[in-house]
Structure formats: structure tokens, C-alpha cells
Amino acid sequence: MATGEFTGKIKKLKSKTKKSTKIPTEGLKLVLVVLIFVVIAFAGYNVYITSKSRELLKLENEKQTAIDTLNKLFANYPGDPEKIVFVKKIQHSKSTEEIDKVLDEARAYLQLKNYKDLTIQQIKDMYGNYFSQSLKAQELVRKISGAKSKEEVDRLFKSANIKEDIKNIINKQIDEVLASGDEYYYVVKDNKSEFMSREEIEKYRNIWSLSELKTLYIEPVSQLSKVAIKISAKQCGKIPHKKDIISIYSKDGSFICYGIVNSSYVILPAISYSEDKSASSSVNEYGDSYSSSSTSSISYSLNNLPGILHATVIDRLDYNAIKEKFGKYGEKLNKIEDETQIFDENVDYFLIISIPSDKIPDIIQIDPKDMVIVVKS
């Protein structure tokens, strides 16, 4: 083969190779468009992912802030089970709006709960110590606790006749105390004490206000403590009688306590009495005068008055005769002193009186000589 011919074939072959490896212009454009789209899509996806991550992070932060706010709202009710319910609602919220809605629900719940708590506390304050004794009060509190609105709470509160219920409880207690059958009672009201008869209590129980009734304390005289004191007539005047109500003061004028007399006695020293009688006579006969005189003495003494009583007890002396002679000795002594205005200041009285137990220390620490007793008229 000639050299020229071979060279020509080689050139043709190269030319064909070049033509076969050359990319068309339109295909190149398509490739560039696809590449640009992919780059833009990838960049957009990254922006979307970044934005979504930021939104999720912001939502999580808002959830945590809302939970912190919820903890503050429930500061006074840390153990309330509804708190956990609201926390879970916040955790499952998908948006800020949902979180805000949960917080609004929590605030509304707490406002109602606080309103119910204030109402219940008002009820307990009105009843005071009588709350635990009233089934009506406890049922009222149960209903208010389950109320769904402030209007329902108000309706329940207004429909309950609390004052009447308290009065019924107190009156029942008064009836139980009066059932003791005592004639007199120690009564404390508004920090003021006195002794009252059953009739007086029955009279005033319907007059006393509710506030007075709530401070009322009544104790039968039979359940009071008894103390014995020896006191002179100068400190007491007339001898007090059984069932007399007395006020006991210190000699400086300060009031000590009230008491009621269970029994009273006169303490007498030995009694002695003497009387002299003189008699004289004269006779004139036949001019002569004669005279005579005589003196007689009468005396008696009771040197052992307790002995007379004991002798009477063992039938050595007649009981009825002694009772007739000495019966109501104190009253008779007071009467004769009134009528003669002659007072025996040496007479002493022995009194057994009933007083409240808490007043015993006040009584025993004072010398009986420093006491003054006033009998209630």
C-alpha cells in the first residue's frame, strides 16, 4: 500500500474519533440545568432543615418556659394532680398557641381552686371548733370542692344556713350539760365568768348572740372542785348559806374568782355566862327594924361544844333537843346582831365552796386573812 494512501486513512480515522467524542451544545445545557437545580434543591433543603430545627428548638424552649411558669402558678399547690396533667399537655403541644391555651386553662383552674379554698376557709372560720361536729358543714365543703364554677360555689354557700346550724349544735351541747340536773352552773362567756341557775341559762340561751354562744362554756357545780377556807366574820359579814353565790376578792380589791357555797359552819370558842342576883328585905315591928339581904349567882359555860355534838351522835344527849337549841345558830346570830347592832368580830366561819379547777392556784396562794367575800344578793 502506498504511503500516501495509508496516511489518508489515518487522518480520516482521527477525524471520525474527534467527531464521536464531541458533546452537543444542547445536551451540555441540560446537564448544567440539572446540576444547578440539584444545587439549589440541596441548598433549599439545608435551609428548610435548619429552619425546622430552629422552630423545634424554639418550641422546646417555649415548652420549658411554660413548664417553669406552671411550677410558679402551682407554687401553693405543689401536690395537685392537675399540675401533672397540664405539664403533659404542654409537652405534647405542637405550637405556641397550644402552649398558651394550656397555660390559660391552668390559670382558670387555679383561680377557681383558689376561690373554692377561700370559701371553704370562710366556712371553717365561721364554724370554728364546731366544724368537726357538723355533718352539714363537711357535706357543704365536699360539694364546694367539686364545684365547676364560681357561680356554683356561690349558690352552695348562700343556700347553706350556717348560723342556724351552729346554734343547733351549741343548743344541743347546752341540753347535754343541763341534763346533769344541777341547780347552778359555772358559766364563761366572752372571757367573763359567773354562776347561773338553770332557769337563768334557759332564759338567756335564746337571747345570747351567735358570737356569745360560740364562746360559751358551762360546767355543772357538781363537777367543780371544792375547797375549804376559814374566814372571820369581819371579812364576810353575815354567814353565807348553802347555794349562796359569792365573789372572792383580795384585800387590795383585786377580783380572784366566783364560787358557790356547798356548806358553811360557825366556829365558836368556849361560851361562858354568869349572872348575880341580890335580894334584900326589912321588917319594922313594935318600933324595931330588922333587915336582911342575900345574893345568888347563876353561871354556865359550854367549854366543849364539839363534845356536845359528839355526845349527841352517840345518843348521850337528846338529838332533837340539841338541834332545837343550836339549830340555825349562824342565822340566829346574824339576826340578833342586826336587831341589836352588836357585832361579834371574833366569830370565824368555815366554808366549803365550789370553784373552777383553774382558779384553785389563785385561791391557795392567798392567805385567807387577806380575802374578802361578797355574797351575791
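Over the range 161-221, what is the mean sequence separation of C-alpha contacts under 8 Å (at least six apart), divided by residue count, expressed as relative contact order in percent?
Values: 63 pairs, mean separation 25.9, N = 61.
Relative contact order here is 42 percent.
Go through the range 120-130 residue by residue and turn each phi into a ³J(HN,Hα) via Karplus (6.51, -1.76, 1.60, θ = phi - 60°); whole Hz please, and just put x for glycine and proline.
Here the 3J(HN,Hα) series is 5, 5, 4, 5, 5, 5, 5, 6, x, 5, 8 Hz.
Where does each of 154-167, 327-340 land if you order them by average Cβ count within 10 Å, highest first?
On the way: 154-167: 14.6, 327-340: 12.7.
The packing order, highest mean first, is 154-167, 327-340.
Could I have the simple spin-label model distance between residue 104 and residue 222, label points 7 Å from Cα toward Cβ, reported in nm to one decimal?
Inter-label distance under the simple model: 7.0 nm.
Ordering 96, 312 by accessible area with a probe of 1.4 Å, largest first, what comes out?
Details: 96 50, 312 10 Å².
The ranking, largest first, comes out as 96, 312.
Once each part is reduced to its C-alpha centroid, what is the distance from the range 322-362 to the range 212-237 in angstrom?
The two parts, judged by their Cα centres, are 17 Å apart.
Can you list the aspartates and glutamates whose alpha carbon sits under 16 Å from that of residue 335, skipping same-chain ones fewer than 8 residues off?
344, 345
Enumerate the amide H contacts of residue 225 below 5 Å, restricted to partners 5 or more residues apart or on another chain; note that Pro and chain-start residues carry no placed amide H.
Amide H neighbours of residue 225: 355, 357.
Among 203/243; 234/323; 158/192; 189/251; 214/369, which pairs are too far apart, with a Cα-Cα distance over 30 Å? Write out the running numbers ahead of the final one.
Numbers: 203/243 20 Å; 234/323 27 Å; 158/192 33 Å; 189/251 26 Å; 214/369 39 Å.
Check vs 30 Å cut-off fails for 158/192; 214/369.
Please give every one of the aspartates and glutamates within straight-line cross-link reach of residue 143, meaning a C-alpha to C-alpha distance under 20 Å, and leave out same-chain neighbours fewer than 8 residues apart.
80, 82, 117, 125, 151, 152, 154, 164, 165
The values are calculated or read from the model by the stated rules, or taken from the named source; none is laboratory data. On a predicted model such as this, the values are computed, not experimentally measured, just so you know. Reconstructed Cβ throughout: ideal geometry from the backbone, glycine too, with neighbour counts over all protein chains shown. To get the accessible areas, we keep the full protein, side chains included, count just its heavy atoms, and leave off ligands, DNA and RNA. Shrake-Rupley method; radii C 1.70, N 1.55, O 1.52, S 1.80 Å.
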